[in-house]
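This report refers to the structure that appears directly beneath it.
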Amino acid sequence: MNNIRVAYRDRAARRTLNTTIQNVPTDGLVNVTGTITGIRRHDGTCLGRTSIDLTHDGATVEVTFDADAMQTVEPVIRRGTTIAVYGLVVRTAAELPASVEGFNAGVPV
């Protein structure tokens, strides 16, 4: 099970929670920091999309960027780089681990 820790902005409660991604509802906005351990560029119907595996403390989450987002985050997408990603939690099926649709990414200072 994917238990990477994220900072989740609970809009209803108007506060940020530090929790695992599995506790965040679908469409929840999160910040997640980790090291890039894998990069996959998609083709076919997903042309222009790139997925990365982001790992922190032994937990991994898949983060996917569309072609537009990739134009801004491309400079930091390198295996072994630690990055912070802001995005939306996505679940394709209840039994599958949550992933993140990345909007932006940068190197933490």
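Between Ala13, Ala69, Ala59, the Gaussian network model of the chain with springs among Cα atoms under 10 angstrom shows the greatest mean-square fluctuation at Ala13. In the context of the full protein assembly, Glu62 retains an accessible surface of approximately 70 Å², using a probe radius of 1.4 Å and ignoring ligands and nucleic acids. Of Gly44, Gly80, Gly34, the residue with the greatest mean-square motion in the GNM of the chain, using alpha carbon springs below 10 Å, is Gly44. Fraction of C-alpha pairs exceeding 22 angstrom in the chain: 27 percent, rounded to a whole number. A cut-off of 5 Å between modelled amide H atoms, ignoring neighbours fewer than 5 places along the same chain, links Gly48 with His42.
The values are calculated or read from the model by the stated rules, or taken from the named source; none is laboratory data. The structure displayed is predicted, hence computed values, not measured ones. Note: accessible area is taken over every heavy atom of the protein model, side chains too, but ligands, DNA and RNA are not part of it. Shrake-Rupley method; radii C 1.70, N 1.55, O 1.52, S 1.80 Å.
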